[in-house]
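Visitor: Handing you this structure, nothing more for now.
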Amino acid sequence: MASRKKSSHAWVYVIWGINGAALIAVLIIAVLYTTSLRASAADGTLSTPRPGETRNIPPTSYFLPTLTPNPFYTPPVFETSTPFELPKGLRPSIIGFSLAARPIELYTFGAGEKEYLIVAGIHGGYEGNTIALANELITYINEKPDTVPTDVTLYIIRNMNPDAEARDNGVDGRVNNNGVDLNRNFPSDNWTADWDRDGCWIYRPTTGGAYGGSEPETRSIMSFIGSRKIKAMISYHSAALGVFPGGVPWEEPSKRLASALSKVTGYAYPPIDTGCVYTGTLADWAVEHGVGASVDMELSDHKNIDFAQNLKALKVLLNFQP
Ligand SMILES: [Zn+2]
């Protein structure tokens, strides 16, 4: 019994010995394997490339969102009915953006100390011939820079209401994208949201805005004028009513400018009185905020640009002393 017991003990030691050796062998293999993995990973990504070699960075995976287009998003379209670009030379600067993010462009001619301003297109495509006139004036002065005296800087904002111009060339193209009449939106002393329509434009509903200066197009012009010292300005309209001086009541320098412009253009001054009371206009706000003289001037119809007359008007403007 004793010897049998002894031999069975010996087997237990042998078996446990083999187990222990196998475990140690497995551990050694495991350690060697992971070390070799790290080494090969280092070979693959961290080795310094030799000169001229291209390093390939292994792709990193992130959980990127899927780029599915928003079905409710309409990309803005910047086409206008009168695309305008000078063939060579002068590029416009941008003084602001319309509600639909169309740029409001400013052309600057000359670098003299006397500053003058022309604004066209405040009533959009409905008065699109004012924009066409501004384009022609810009093209003409670009070709004949001597038109602007050396002591003068002339600014031309060719289209103050580009969304309306893009929308329509008729009565639907007058107000901005909020339905606001921009020439009723300036925060002049007499601004009102609504007005008596007797003798006024009545073809579509419109307002003067939520408050004076509520519209981005209006604020673009306000901040531009506020940053300059404008001696005199013309805000172009159509059609047929004549030349309206700025100010309530009309201010003397603006009346002198209106009279001088009327003489060379043949546009009526005093303007035709339809009984309409104009509130919140650019011309009124301008003279209340430091512009020496300003007028609303109407072309003779909704089609023609009356170029010859308005070239004479430009000379009057550029020599005007308020
Ligand atoms: Zn107008």
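Visitor: Return only the number of the condition from (1) modelled with pLDDT of 95 or more; (2) within 15 Å of the ligand (Cβ to nearest atom); (3) on the phi < 0 side of the Ramachandran plot; (4) over 19 Å from the mean Cα position of the chain (by Cα) that ALA193 does not satisfy.
Guide: All conditions pass for ALA193, except number (2).
Visitor: Let me ask something else about it. Just to check your reading of the model, which residue among GLY89, GLY121 is crowded, with 20+ Cβ neighbours inside 10 Å, assigned to a loop (DSSP other than H, G, I, E, B) and on the phi > 0 side of the Ramachandran plot? Talk me through it step by step, then tell me what you get.
Guide: Working: GLY89 fails: crowded, with 20+ Cβ neighbours inside 10 Å.
Only one candidate qualifies: GLY121.
Visitor: Another question, then. Does ASN129 satisfy being polar (S, T, N, Q), open to solvent by less than 10 Å² (accessible area, probe 1.4 Å) and either farther than 27 Å from VAL287 by Cβ or not in a helix (DSSP H, G or I) (or both)?
Guide: Details: polar (S, T, N, Q): yes; open to solvent by less than 10 Å² (accessible area, probe 1.4 Å): yes; either farther than 27 Å from VAL287 by Cβ or not in a helix (DSSP H, G or I) (or both): no.
Here the answer is no, as ASN129 does not meet what is asked.
Visitor: Filter the stretch 162-201 down to the residues that are in a loop (DSSP other than H, G, I, E, B) and aliphatic (A, V, I, L, M), then identify the one that is least open to solvent (accessible area, probe 1.4 Å). Give the steps one after another, and end with the answer.
Guide: From the stretch 162-201, those in a loop (DSSP other than H, G, I, E, B) are 168-170, 174-179, 181, 185-201; that's our starting set.
In the following step, the residues that additionally are aliphatic (A, V, I, L, M) were identified as 175, 193.
Working: VAL175: 24, ALA193: 43 Å².
So, considering only residues that are in a loop (DSSP other than H, G, I, E, B) and aliphatic (A, V, I, L, M), the one least open to solvent (accessible area, probe 1.4 Å) is VAL175.
Visitor: Residue by residue through the stretch 237-259, note down the ones that are part of a loop (DSSP other than H, G, I, E, B), small (Gly, Ala, Ser) and farther than 14 Å from GLU298 by Cα.
Guide: Of the stretch 237-259, the ones part of a loop (DSSP other than H, G, I, E, B) are 239-242, 246-251.
From what's left, small (Gly, Ala, Ser): 239-240, 242, 246-247.
Residue satisfying the conditions is GLY247 alone.
Visitor: I've got another one for you. Only one of these conditions is not met by PRO322: (1) open to solvent by 10 Å² or more (accessible area, probe 1.4 Å); (2) in a helix (DSSP H, G or I); (3) in contact with a helix residue (DSSP H, G or I) (Cβ under 6 Å, 6 or more places away or on another chain). Which number is it?
Guide: Among (1) open to solvent by 10 Å² or more (accessible area, probe 1.4 Å); (2) in a helix (DSSP H, G or I); (3) in contact with a helix residue (DSSP H, G or I) (Cβ under 6 Å, 6 or more places away or on another chain), the lone unmet condition for PRO322 is (2).
Visitor: Checking ALA210 against (1) within 16 Å of the ligand (Cβ to nearest atom); (2) open to solvent by 40 Å² or more (accessible area, probe 1.4 Å), which test does it fail?
Guide: (1)
Visitor: Okay, moving on. Which residues, counting only those in the stretch 222-255, are open to solvent by less than 10 Å² (accessible area, probe 1.4 Å) and β-branched (Val, Ile, Thr)?
Guide: Passing the criteria: ILE225, ILE230, ILE234, VAL243.
Residues are listed down the side, and each one gets a yes or a no for (1) within 34 Å of the chain's Cα centre (by Cα); (2) more than 13 Å from the ligand (Cβ to nearest atom); (3) hydroxyl-bearing (Ser, Thr, Tyr):
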| position | (1), (2), (3) |
| --- | --- |
| HIS237 | yes, no, no |
| GLY242 | yes, no, no |
| SER259 | no, yes, yes |
| VAL277 | yes, yes, no |
| ALA293 | yes, yes, no |
| GLU298 | yes, no, no |
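Visitor: When you scan the stretch 257-277, how many residues do you find that are in contact with a helix residue (DSSP H, G or I) (Cβ under 9 Å, 6 or more places away or on another chain) and of a type in the set (Val, Ile, Thr)?
Guide: Narrowing the stretch 257-277 to residues in contact with a helix residue (DSSP H, G or I) (Cβ under 9 Å, 6 or more places away or on another chain): 257, 260-261, 263-271.
Subsequent filtering for residues that are of a type in the set (Val, Ile, Thr) retains 264-265.
Final tally of qualifying residues: 2.
The values are calculated or read from the model by the stated rules, or taken from the named source; none is laboratory data. These figures come from a predicted structure and were not determined experimentally. Neighbour counts are summed over all protein chains in view; Cβ atoms, including those assigned to glycine, are modelled from backbone coordinates with ideal geometry. Ligands, DNA and RNA are stripped out before the accessible areas are found, and what is left, the full protein with its side chains, is counted by its heavy atoms. Shrake-Rupley method; radii C 1.70, N 1.55, O 1.52, S 1.80 Å.
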